[in-house]
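To start, the structure itself, in structure tokens.
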Amino acid sequence: MAQAGPPQALVTLRLRTHSPAATLALAESLGRVLRRGAARGVVLALEGDLGAGKTLFVRGLARGLGLDARVAVPSPTFVIAQCFGLPGGVELHHVDAYRLSGEVELEAAGLEDICGSGRVTCVEWAGRVARALPEDRIEVELSPCATDGPRPSPDARTSLGAPGEDRDLCLRGLGPQSAALLAGWSVPADASGA
């Protein structure tokens, strides 16, 4: 029997930020949109090298979801998973799969308890456990980008922030709910063409 390939993106957004503060603001904006899908559950699969901004992105999402800004959202690398209570009874689960050897360890850590209704689940290093994640999810790929070469065309990317530590972000909605959430997101008004 042929194994099905990875889910196809229904919506793809390519964005660029120019500073950590801009990445945080962008993620916060998305977090406000994700509140709408939290009742049914939302999963974000984050990828990027060390220092790409995955945890920073989750911090921004947490603020947009309503987590008090005084609550620290550290990297869960050594604890594997953290849970944060949000207004309205929603939970934010922040998982770091870097130290996991695969899907079996993620399931043993209680994946079925951290994905689902009333939860927004962010999984860093998601590629290590991709088969355990639901097909309907938002994939977020963050990567530093060189700023000395040619910039992408304005229709291909949206920029936010001032020159500095540029990050390219590619967000893909892989299922109907995730695609609808991304399609309904208005990138912040102060964004401009790259």
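Can you list the helices (runs of 4 or more DSSP H) found entirely within the range 20-133 that contain at least 3 residues being in contact (Cβ under 8 Å) with a residue 40 or more places away in the chain, open to solvent by less than 10 Å² (accessible area, probe 1.4 Å) and within 24 Å of ALA9 (Cβ to Cβ)? Give the derivation first.
Numbers: elements: 20-34, 54-65, 103-108, 111-114.
Result: 20-34, 54-65.
Taken together, VAL104, VAL79, VAL58 contain a single residue that is modelled with pLDDT of 90 or more and among the β-branched types (Val, Ile, Thr), which is VAL58. Looking at LEU30 and the list (1) touching a helix residue (DSSP H, G or I) at 6+ places or on another chain (Cβ under 6 Å); (2) closer than 24 Å to PRO188 by Cα, which single condition is not satisfied? So the condition that LEU30 fails would be (1). The residues of the range 65-82 that are touching a Lys or Arg at 6+ places or on another chain (Cβ under 9 Å) and more than 18 Å from LEU24 (Cβ to Cβ), listed by number, are THR77, PHE78, ILE80. Considering (1) under 24 Å from ASP96 (Cβ atoms); (2) modelled with pLDDT of 90 or more; (3) surrounded by fewer than 20 Cβ atoms within 10 Å (Cβ to Cβ), the lone condition that CYS145 does not fulfil carries the number (2).
The values are calculated or read from the model by the stated rules, or taken from the named source; none is laboratory data. The shown structure was predicted, so the numbers you read here are calculated from the model rather than taken from an experiment. We place every Cβ from the backbone using ideal geometry, glycine too, and count neighbours over all the protein chains shown. Quick note on the areas: whole protein, heavy atoms, side chains included, nothing else; ligands and nucleic acids left out. Shrake-Rupley method; radii C 1.70, N 1.55, O 1.52, S 1.80 Å.
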